[in-house]
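Step one of this worksheet: look at the structure below.
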Amino acid sequence: MPAAARLDPKDYFTAEEWAPLARRSSWKGPAMIAHAWATIFAAGAMVVVWPFTLPLAVMIIGTRQLGLAILMHDAAHGALHKNLKVNDWLSEWLTGGGVHTYRPYHLTHHRFGQQSEDPDLSLSAPFPITRLSLRRKIVRDLTGQTFFKARFGRFVGKLKARKSGEPLLPILTVEFKRHRRWLAMGAIVTAVAAPFGLWWVWPVLWVLPQASWYPLVTRLRNIAEHACIAENEPDPMRQARTTKANLLERMLIAPYYVNYHCEHHMFMHVPCYSLPRAHRILARKGVTQRMLVEPGGYLKVLSLASSKPA
């Protein structure tokens, strides 16, 4: 199967319109990273002062964890900073890391968007599903089952396949190396917070959101972006979906303009902070009428994705 069709920005934007859309900023990406971390710290401080706000804080922090992943995704496109070395450094050390591994995988997804060779096609292929199936997935996300499988499933599989008498240390060593940055973060946060009686900060205010709300909003993001789109869809304006998001959805589901996914696939090197402006220009010219846009928000997308009869 050939690569997905590409669109020429000159067919949709004047030179004056396109130049600011394509421009990388030296401060907007770092400012968004700072915003994500400031929001996480503020939500954590809220729990320290008012413990009853923990459920809300879990949602806020889990969404900003997704936000950091989104900013790493922008870095994979070289859009987080105009200097590529700074772009990669910011991503590797301030958004969670992994950009060098993620970049070739993700650019393959863009090259073959919604085509047979798309490595992300398996995420959208099962949809639509039944409401019961969707509820089961949501329960697995919120109860930590999705998190445990993703982070420790390989380790558990190796333990089950381990032969009697086979040394355990090599398996543990490999697993430690996979999680050393995550564990180091936990050790540092705990060491700093414990003298103040806040030894619980990392497991409660980082791991708990990461194991519950983050998997859920990641699933919602994946569903909204590509679910219920035909395999080998030829139209590059309908290989991904833009979902209109209200303020609450942007706060708790879709941070940092991730909902403008159709525009992102049409013009993948446009930084995320320029996607709303691109959408407005395209809407003014009537182009969005040809694009895959869901005006009903994430609830409408979920209804579509769970419309398979029981």
**Request:** Check whether at least one residue in the stretch 252-265 is assigned by TED's automatic domain parsing to the domain that holds ILE138 and farther than 24 Å from HIS106 by Cα, and report yes or no.
**Result:** yes
**Request:** Report yes if LEU198 is touching a residue at least 60 places away in the same chain (Cβ under 8 Å), outside any helix (DSSP H, G or I) and not assigned by TED's automatic domain parsing to the domain that holds PHE127, otherwise no.
**Result:** yes
**Request:** Go through the stretch 8-48 and count every residue that is assigned to a loop (DSSP other than H, G, I, E, B) and either within 23 Å of the chain's Cα centre (by Cα) or modelled with pLDDT under 95 (or both).
**Result:** 5
**Request:** Take the residues in the stretch 144-172 that are among the β-branched types (Val, Ile, Thr) and closer than 25 Å to LEU208 by Cα, then tell me which one is nearest to the chain's Cα centre (by Cα).
**Result:** THR146
**Message:** Take THR218 and tell me if it is touching an Asp or Glu at 6+ places or on another chain (Cβ under 9 Å), in a helix (DSSP H, G or I) and among the β-branched types (Val, Ile, Thr).
**Reply:** yes
**Complete:** Okay, helices (runs of 4 or more DSSP H) sitting entirely in the stretch 228-290 with 2 or more residues that are within 18 Å of ASP120 (Cα to Cα), I get 261-266
**Prompt:** Could you say which residue among SER124, SER164, SER116 is more than 29 Å from MET32 (Cα to Cα) and in contact (Cβ under 8 Å) with a residue 24 or more places away in the chain?
**Reply:** SER116
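Residues checked against (1) of a type in the set (S, T, N, Q); (2) assigned to a helix (DSSP H, G or I):
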position: LYS85; (1), (2): no, yes
position: SER91; (1), (2): yes, yes
position: GLY97; (1), (2): no, no
position: HIS100; (1), (2): no, yes
position: GLN114; (1), (2): yes, no
position: SER133; (1), (2): yes, yes
position: VAL139; (1), (2): no, yes
position: ALA150; (1), (2): no, yes
position: ARG154; (1), (2): no, yes
**Prompt:** Going by the structure shown, is SER133 of a type in the set (Ser, Thr, Tyr) and closer than 16 Å to ARG221 by Cβ?
**Reply:** no
**Prompt:** Could you list, in sequence order, the residues of the stretch 267-305 that are surrounded by 20 or more Cβ atoms within 10 Å (Cβ to Cβ), under 17 Å from ARG23 (Cα atoms) and touching a residue at least 24 places away in the same chain (Cβ under 8 Å)?
**Reply:** PHE267, VAL270, PRO271, CYS272, SER274, ALA278, HIS279
**Looking only at the stretch 4-27, and only at residues there that are farther than 24 Å from THR288 by Cβ and in contact (Cβ under 8 Å) with a residue 40 or more places away in the chain, the one that is surrounded by the fewest Cβ atoms within 10 Å (Cβ to Cβ)** = SER26
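Conditions (1) over 20 Å from PRO203 (Cα atoms); (2) crowded, with 16+ Cβ neighbours inside 10 Å, marked per residue:
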| residue | (1), (2) |
| --- | --- |
| MET59 | no, yes |
| ALA76 | yes, yes |
| HIS100 | yes, no |
| TYR105 | yes, no |
| GLY113 | yes, yes |
| PHE147 | no, yes |
**Asked** Can you find even one residue in the stretch 214-231 that is over 29 Å from LEU21 (Cα atoms), assigned by TED's automatic domain parsing to the domain that holds THR130 and of a type in the set (Asp, Glu)?
**Response** yes
**Prompt:** Quick one: SER164 ticks every box in (1) part of a helix (DSSP H, G or I); (2) in the same structural domain as TRP182 (by TED's automatic domain parsing); (3) polar (S, T, N, Q) bar one, so which box is it?
**Reply:** (1)
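The values are calculated or read from the model by the stated rules, or taken from the named source; none is laboratory data. Small disclaimer: the values here were computed from a predicted structure and weren't measured. Here Cβ is always computed from backbone atoms with ideal geometry, including for glycine, and neighbour counts include all displayed protein chains.
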